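Throughout, read-outs are computed from the coordinates displayed, never taken from laboratory work. The model shown is predicted, which means the values in this text are computed figures rather than measured ones. A quick note on method: Cβ atoms are made from the backbone with ideal geometry, for glycine too, and the neighbour counts reach across all protein chains shown.
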Amino acid sequence: MLMGEDDIPVEYTREDQWGGWVMLRLADGWCAALDRHTLRCTIYAQRPTICRDYPAGDSDCLEERSRHKL
């Protein structure tokens, strides 16, 4: 869910069924702003608050990187 102070490029967002704005997910289920080769955010400087609050190097992050051999 995007917050009022988030300034995300519109092509990476979509309106959900309740009228809120969220990050767009592509057919593979991953965020549209994620580079599939590096698993790095392509809009890092403009990433939403929820992403800023997500702890880098968290066990979830490390598990995903391990699964993708990064």
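List of remarks:
- Candidates 46, 17 - the one that is touching a Pro at 6+ places or on another chain (Cβ under 9 Å) and among the polar types (S, T, N, Q): 46
- Cross-chain or 6+ apart pairs with Cβ under 8 Å, the range 15-38 first and on the phi < 0 side of the Ramachandran plot and assigned to a loop (DSSP other than H, G, I, E, B), then surrounded by 10 or more Cβ atoms within 10 Å (Cβ to Cβ) and of a type in the set (S, T, N, Q): 24/13; 33/42
- Matching residues in the range 21-51 - criterion: being surrounded by fewer than 10 Cβ atoms within 10 Å (Cβ to Cβ) and farther than 23 Å from residue 66 by Cβ: 27, 45
- Among (1) more than 11 Å from the chain's Cα centre (by Cα); (2) in a loop (DSSP other than H, G, I, E, B) - the single one residue 60 does not satisfy: (2)
- Hits in the range 4-14 - residues which are free of Cβ contacts under 8 Å to residues at least 24 places away in the same chain and among the hydrophobic types (A, V, I, L, M, F, W, C): 10
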